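For reference, the structure is listed below as structure tokens.
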Amino acid sequence: MLIRIPKRSDEKESAVTDPEIYRQRRVFMQQCAAGMAGLAGGLLVGGQAQAGLTLGTPRSSPYSTDEELTPMHAATHYNNFYELGYKKEDPSRNAAALKTEPWTVEVEGYCENPGTYAVEDLVPMDQLEERIYRLRCVEAWSMVIPWVGVPLATALKKLRPTSQARYVAFQTILDPENLPGQRRNVLDWPYVEGLRIDEAMHPLTLLTVGMYGQVLPNQNGAPIRIVVPWKYGFKSIKSIVRIRFVEGQPPTAWNQATPNEYGFYSNVNPEVNHPRWSQRRERRIGEFRKRKTLMFNGYAEEVAHLYSGMDLHKYF
Amino acid sequence: MRTPTAAGWVKPALFLLCLVPVIDLAHGAWTNTLGVNPLETLTRSTGTWTLRFLLLTLLVTPLIRVMRTPALLRYRRMLGLFAFFYASIHLGTYLWFDKFFDWQEIWLDIQDRLFITAGVTAFLLLVPLALTSTRRAQRALGNAWNRLHRLIYVATFAGLLHYFWLVKADYLEPIIYASIFAVLMLARIRKSSTVNVSGVS
């Protein structure tokens, strides 16, 4: 067909029979059917991981910005999460395709405590903090989001990386049967990301399980993701199933796809030109005028020392 | 020339139909239902409609041949002008919402970013076509008019490049549009190679 129905009409149509509700209903039915095995345990664990559930009152943090929050609806309906579809409105529509129960994280590589961990093992729920961070996407838009989590360093210290662990590699879930975006090789699945160990241990780097006081919605990377606020958004890998301590710089998904556009570091930097987007300015979602983009997304004071002596045009 | 079947109401009706996308966008902007990033929606949507109208314009000639309805020719100019109309809004949203008429930034953008270079090229190629779209210009230019208006092939090609080069990873939609363009161009090549032989087509 030549003429595609406009997206807004799609929304109107889906309002008649919301596919998300439809799928969730199906999932619910399936869970009911499977509920015979471990009914009580299933309800308890399953209940804890449901998006929308509040996370109590996490501690506030001096690292939070006092800028105006992006409305939660915007932060949960304008997403880059290619596993759930390639358009901004796809991840929220396809959210139910991500199965977060059961969920484990494999820890491997140069550390003293490798093994299979539950989310709760990595993120002590009594130490949750709220961190209100600026999020700067490489596509020149930005948001202000109140994340809930613990410093990644808290979790990594428990895993006791050895001196050979110079980088940390992360991997997102691979589930092409359920995740619509993984049915085509738009990226080389699974999505992988990595940080230098000092970046991973930096107190700003957050191992995140919630936002806006609630459990992470699937489209925002449930049940566990990281948030690295001084780097472009794609570095903050979602729905993590594997953490590996490695010696050499690990491959990263967008860098593999288009090496001249997305570097390993991908620190927010208004001075480094990008082939697609001028990075000098950004549109804060909800605003009309564009803002000037700040060095390291405004976190220069905290993180600039990590890169002293490095040519940031070369290591972009 | 005028067949009685091509009733007087068809052209105004088609005109209104071609306005539906922009009315829909204006309504969406007014009621704030263009999604989380409405300015991006405006730019994306007008860009897509430009490409669609270019392809619709290119569809007319092969369609006349296949359906043997020369009367369709009277709608081609309007479709072409609507392509230019949507291209103008598309460019306007970029100049205003993306660059806020910062001409120095815009010039750098044209130089640095291939997809902008291609997009601006496509637009500039459409300008002379829009300017010479009147019947008077057509008569004054004679045969040159036909040659000049073949620029639409180049403009559409540049528009497709613009689309390919701006996409990050999912090339499905640009591939679909490019395939349609290829079919429409192929139809022309086949026509020009067979028309002399058979005399009818």
Surrounded by 18 or more Cβ atoms within 10 Å (Cβ to Cβ), on the phi < 0 side of the Ramachandran plot and small (Gly, Ala, Ser): which single residue out of A:266, A:308, A:278 fits that description? A:278
Enumerate the pairs (first residue in the range A:244-260 and acidic (Asp, Glu); second residue anywhere and outside any loop (DSSP other than H, G, I, E, B)) with beta-carbon separation below 8 Å, excluding pairs fewer than 6 apart on the same chain, so at least 6 apart or on different chains. A:247/A:167
Number of the exception - residue A:182 against (1) surrounded by fewer than 19 Cβ atoms within 10 Å (Cβ to Cβ); (2) at negative phi: (1)
If we keep just the residues of the range B:67-88 that are more than 12 Å from the chain's Cα centre (by Cα) and in contact (Cβ under 8 Å) with a residue 60 or more places away in the chain, which is surrounded by the fewest Cβ atoms within 10 Å (Cβ to Cβ)? B:71
Can you tell which of B:49, B:96 is aromatic (Phe, Trp, Tyr), touching a Phe, Trp or Tyr at 6+ places or on another chain (Cβ under 7 Å), modelled with pLDDT of 95 or more and assigned to a helix (DSSP H, G or I)? B:49
Residues within the range A:59-96 that are within 27 Å of residue A:184 (Cα to Cα) and among the polar types (S, T, N, Q), tallied: 5
Residue selected from the range A:115-147 under the condition closer than 23 Å to residue B:36 by Cβ and of a type in the set (Gly, Ala, Ser), by the criterion surrounded by the most Cβ atoms within 10 Å (Cβ to Cβ): A:142
When you check residue A:229 against the structure, is it in a loop (DSSP other than H, G, I, E, B), at pLDDT 95 or above and either within 14 Å of chain B (Cβ to nearest Cβ) or closer than 19 Å to residue A:75 by Cβ (or both), yes or no? yes
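Just to verify a result, which residue in the range A:148-172, among those that are of a type in the set (Val, Ile, Thr) and closer than 30 Å to residue A:282 by Cα, is surrounded by the most Cβ atoms within 10 Å (Cβ to Cβ)? Write out each step before concluding.
If we filter the range A:148-172 for residues that are of a type in the set (Val, Ile, Thr), which is where we start, we get A:148, A:150, A:154, A:162, A:168, A:172.
Cutting the leftovers down to closer than 30 Å to residue A:282 by Cα gives us A:148, A:150, A:168, A:172.
Details: A:148: 24, A:150: 21, A:168: 27, A:172: 24.
My answer is A:168.
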Output the number of residues of the range B:138-174 satisfying the condition of being assigned to a helix (DSSP H, G or I) and either at positive phi or surrounded by 14 or more Cβ atoms within 10 Å (Cβ to Cβ) (or both). 22
Residue, surrounded by the most Cβ atoms within 10 Å (Cβ to Cβ), within the range A:74-84, restricted to residues that are more than 12 Å from chain B (Cβ to nearest Cβ) and not in a loop (DSSP other than H, G, I, E, B): A:83
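Sort through A:249, A:256, A:219 and tell me the only one that's buried (at least 24 other Cβ atoms within 10 Å of the Cβ) and either at pLDDT 95 or above or assigned to a loop (DSSP other than H, G, I, E, B) (or both). Before you say what the answer is, go through the steps one by one.
Details: A:249 fails: buried (at least 24 other Cβ atoms within 10 Å of the Cβ); A:256 fails: buried (at least 24 other Cβ atoms within 10 Å of the Cβ).
The conditions single out A:219.
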When the range B:41-55 is examined, which residues are found to be at the interface with another protein chain (Cβ under 10 Å from one of its Cβ atoms) and either surrounded by 22 or more Cβ atoms within 10 Å (Cβ to Cβ) or of a type in the set (Ser, Thr, Tyr) (or both)? B:41, B:45, B:48, B:49
Can you run down the residue pairs with Cβ atoms below 7 Å, 6 or more apart or on separate chains, where the first is in the range B:2-27 and assigned to a loop (DSSP other than H, G, I, E, B) and at pLDDT below 95 and the partner is of a type in the set (A, V, I, L, M, F, W, C) and surrounded by 10 or more Cβ atoms within 10 Å (Cβ to Cβ)? B:3/B:71; B:6/B:71
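The values are calculated or read from the model by the stated rules, or taken from the named source; none is laboratory data. Fair warning: this is a prediction, and the values are worked out from it, not measured in the lab. All Cβ positions, even for glycine, are placed from backbone atoms using ideal geometry, and neighbour counts span all protein chains on display.
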